[in-house]
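Written out below as structure tokens is the structure these notes cover.
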Amino acid sequence: MIGSILKNMRLSAGLSQKDLGKKLNLADTTISSYERENSQPDFDTIVKIADICGYEFRIIDQKKEITTLDTMSKEMDF
């Protein structure tokens, strides 16, 4: 999944694997390996790739509400 996302970002920026590799000081074979999901980039590399390709990387924290037994019983009509 992450490999196809990285590839789509790179292609939308008009970069070859070699171009992106140069910007990251990585071999083009490393970029290819990420895109084919034979290896995984670390978090910092993913953020750098997004930045180079013109994407903003954001983490959205979706906190879930903790439901107590009291709340559940009221919601379920127990």
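The values are calculated or read from the model by the stated rules, or taken from the named source; none is laboratory data. None of the values given here were measured: they were computed from a predicted structure. Methodologically, a virtual Cβ is constructed for each residue, glycine included, from the backbone with ideal geometry; neighbour enumeration extends over all protein chains shown.
Remarks
- Candidate set: the stretch 35-78, residues that are acidic (Asp, Glu) and modelled with pLDDT under 90; chosen: the one farthest from LEU24 (Cα to Cα): ASP77
- Subset of the stretch 11-48 [touching a residue at least 40 places away in the same chain (Cβ under 8 Å) and surrounded by 14 or more Cβ atoms within 10 Å (Cβ to Cβ)]: ALA13, ILE46
- Selection within the stretch 33-51 - part of a helix (DSSP H, G or I) and under 11 Å from ILE5 (Cβ atoms): TYR34, GLU35, ILE46, ILE49, ALA50
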